[in-house]
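Scroll down for the structure; my scribbles are underneath it.
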Amino acid sequence: MLELKNISFNVGPDGGTKEIIKDVSFRVPENRLCVITGPNGGGKSTIAKLIAGIEKPSEGNIFFKGEDITPLNVTERAKKGIGFAFQQPVRFKGINVIDLLRIASGKQLSVADACGYLSSVGLCARDYIDREINANLSGGELKRIEIATVLARKTSLSVFDEPEAGIDLWSFQKLIDVFRKLRSSIEGSSIIIISHQERILDIADEIIVLKSGTIERMGPKEKILPELIGTSSAVGNCKIAEDN
């Protein structure tokens, strides 16, 4: 499905001298949910942006379904089937939820289909279908609407950058329920979640630990998660804070 080969990413003047990502390689097979975790500043969100095409690697190659997509921009990668959900969802003044879902799907979705996507993320469709994407929506509502747009795109690979950021504990639990549902219906696609929250790590198939721009360890959840819980300093804030 997805393969990163010897990816490095530098920033700074004239091509950059500071290496943010250092020779990172990993694969995400089809039908898998992979969580990339690690301390703040370790390069997790940068990896997500490199996969989505928002940033371009300084070295290395990214393959999707066997095709080298390294030169492709974010729009071209989206057309190939890669969806990206931002850490802070974008608000669209003047655009209603149903309009956003139709834009995401690339077709004139029926109201019934749009309602189906909203229901799948735990939102009462009749209360949201005509709502404007603006400041009147809470962080948790925006997160779930953004996930609904990813579902409407029918992407082969969905990348979520710290979906728990800035939402309350109740909304976070709802997000966990949504990701559990997505995991149970993942056939033919894959999901990557950037997170350091234990409850998200617990629904993963594979876990990659990124620290100081390099992979510290990776493997199946059953092997990696017990190690992280036993040595939480390796990933920073691995366990969810009670006031998140």
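Brief remarks follow.
- A Cβ distance below 6 Å, combined with a sequence gap of six or more or placement on separate chains, defines the contacts here; from the stretch 180-193, residues that are part of a loop (DSSP other than H, G, I, E, B) reach residues that are of a type outside the set (Gly, Ala, Ser) in the pairs 186/31.
- Residue within the stretch 132-147 that is buried (at least 17 other Cβ atoms within 10 Å of the Cβ), within 18 Å of the chain's Cα centre (by Cα) and either outside any helix (DSSP H, G or I) or without any contact (Cβ under 8 Å) to a residue 12 or more places away in the chain (or both) present: no
- Strands (runs of 3 or more DSSP E) contained in the stretch 1-68 and holding at least 2 residues free of Cβ contacts under 8 Å to residues at least 24 places away in the same chain and loosely packed, with under 14 Cβ neighbours inside 10 Å: none
- Between 186, 200, 194, 133, the distinction of being β-branched (Val, Ile, Thr), in contact with a Lys or Arg (Cβ under 8 Å, 6 or more places away or on another chain) and within 21 Å of residue 40 (Cα to Cα) belongs to 194 only.
- The single condition among (1) part of a strand (DSSP E or B); (2) in contact with a helix residue (DSSP H, G or I) (Cβ under 9 Å, 6 or more places away or on another chain) that residue 200 does not meet is (1).
- Among (1) touching a strand residue (DSSP E or B) at 6+ places or on another chain (Cβ under 9 Å); (2) buried (at least 18 other Cβ atoms within 10 Å of the Cβ); (3) not β-branched (Val, Ile, Thr), the one test that residue 118 misses: (1)
A short reminder: the numbers here are calculations on the coordinates, not readings from a lab. Everything numeric here is computed off the predicted structure, so don't read it as measured data. Cβ atoms come from the backbone with ideal geometry, glycine included; neighbour counts cover every protein chain shown.
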